[in-house]
Every structure is written in C-alpha cells, then in structure tokens.
C-alpha cells in the first residue's frame, strides 16, 4: 500500500483550532445555565426563543471550530415536524441543531460523552438503548408526545452512523411516531466534503472511538458540512414501511447514492 503524503499543516491546525474549541466549550457552561432557565425559555432574540437561539449558536460554533464550513440548502419546516436524516458522524446532531432546534432520538451512549452528553440531556434528547424493544417503545411514546406538543423531533432511522458512501436500511418502526402524531415528515440529507460529495475520511473508521475521531477531524483540512432540507414526504396510506422507503429514496437522490 502506498504511503500517504505527510500533511505538514496538521500541527498548525491543532495549534489554531484547539484553543478555540476549548474556549467554545467553556462558554457552553454559563450559556447552558441561561438557556435552560425560565429566562431562556421566555426571552426572545429576533423573534426566536433565547434558549433555542443559544442552542443553535453553540451547535453551529462547535461545527465551525472543528474546521467545517456550514452550508444549508432548503428550509427546515416550522412546527411539529419529524426530521429524518442519514447518519454520518457525531457532528450530525450539532449540524442539524445549528439550523433548527429539535428533540433528537439518539443512542444512550451519547449521554456518557463528556459535555456533549450533558448538553444533550438538557436539550430534551430522547435516549434509546439499541437492541431493546422496551426502550424503542418508550422512545416512540416520548417522540409522539413531543410532536403533539408542537415540538420538532429529529431521528436517524439507520440506527447508527454509516460508512458515508451509501445508505443503510431505514428502520420503519420509528416512522410510527409521525403516523400516531399525524406530523409532517421532512427528509434531511447530510454530507461532509466539497460540492455535496462525501469525504469518506469524515465518518468513523472501523473500530475508531469517539475521542479518536474528534482528534482526527480537528487536524484534517476543512471541508463543507452540508445539510439539505428536502421537500416533505406525505405519510403513505399503505403504512410506515412505504413512508420509510420514500424518505430513504429522497435522501439517496439528494446525495447521489444508489436508491436500492
């Protein structure tokens, strides 16, 4: 196997980005005290709730501090929407949160991640223990309750991060939340790279830990973090499986992936 040329700029990126990331993380602590207080829920910034504005600001900032340039296509719908996205990286939640505050369904392990888990818990994240049927039932109940209360919910129906070159199976059961709440379903296509083409260095490498992935990405050359809000997909009369297939096909087309 040929040796990869050494990236001489990597140490400089660490020198530049690491202090900014540290400063951004430190700022999160006092901001969270404001955001998740009654003041944050009732005060307004340009017509938006202060806590939502602070969450979007912090989320977008952490993506940028890691060296990514955020590019948004389309518009996230307002109100009670089930946002359905492909899953590429731990950055996906922060990327989507930078554009629209929503209650995410995420794996339970995230609750144990330093700082991010703490913030996620306070941002009304719905944690799911993968492989547990009882946990999924509880997730669906909580997601339906959020949607009926007018709160947007974000889900990754692949059940985990993928390799970045194709979509895995979309599990249909999570779409029951939209059926029960009669909520709008909006697909979201996420990619990291240039011109909408995925850079396969961004997803987790086989066996790579969360910490190792963070360190690697911080030192990599910057690319685009692109989030594309697609046209909503109507709930299929035939059932949730058809809805899942239609959403998967829409995201595949947006990413230029095979639909099968």
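State the extension gain, in nm to one decimal, for the chain segment bounded by residue 70 and residue 215, taking 0.36 nm per residue of separation less the distance between their alpha-carbons.
50.2 nm
Please say if the stretch 1-91 is rounded, prolate or oblate, where rounded means a/c under 1.5 for a ≥ b ≥ c the square roots of the C-alpha gyration tensor eigenvalues, and otherwise the choice is prolate for a/b larger than b/c and oblate otherwise?
Oblate, since a/c reaches 1.5 and b/c is not below a/b.
Per residue of the chain, what 222 nm ellipticity follows from adding -39500 (n - 2.57) for every DSSP H run with n ≥ 4, rounded to the nearest 500?
Taken over the chain, the calculation gives -13000 deg cm²/dmol.
Mind pulling the per residue volume of the convex hull built on the Cα atoms of the stretch 69-255? Å³ is fine.
110 Å³
Quick check of the Kirkwood formula: for the stretch 211-254, what is the inverse mean of 1/r over all pairs of different Cα atoms, in Å?
One decimal place: 13.4 Å for the Kirkwood radius.
What FRET efficiency do you get for residue 208 and residue 149 if R0 is 30 Å and r is their Cβ-Cβ distance, rounded to the nearest 0.05?
Once rounded, the FRET efficiency stands at 0.20.
Sorted by mean Cβ packing within 10 Å, highest first, what order do the peptides 90-98, 178-186 take?
Answer by packing, highest mean first, reads 90-98, 178-186.
Between the stretch 29-48 and the stretch 230-245, what is the C-alpha centre distance in whole Å?
When both Cα centres are located, 35 Å separates them.
Could you grab the relative contact order for the chain? Cα pairs under 8 Å, six or more apart, rounded to a whole percent.
Here the relative contact order equals 23 percent.
Set the Förster distance to 41 Å, then compute FRET efficiency between residue 57 and residue 238 from the Cβ-Cβ distance, nearest 0.05.
That pair, residue 57 with residue 238, gives E of 0.50.
For a footprinting-style exposure proxy, rank 100, 173, 46, 41 by other Cβ within 10 Å, fewest first.
46, 41, 173, 100
How much of the DSSP bridge set in the chain is antiparallel, in percent, rounded to the nearest 5?
40 percent
Each reported figure results from applying straightforward, stated rules to the coordinates on display, with no laboratory input. Keep in mind that what you see is a predicted model, and the values were worked out from it rather than measured. Counting neighbours? That spans all protein chains shown, and the Cβs are built from the backbone with ideal geometry, glycine included.
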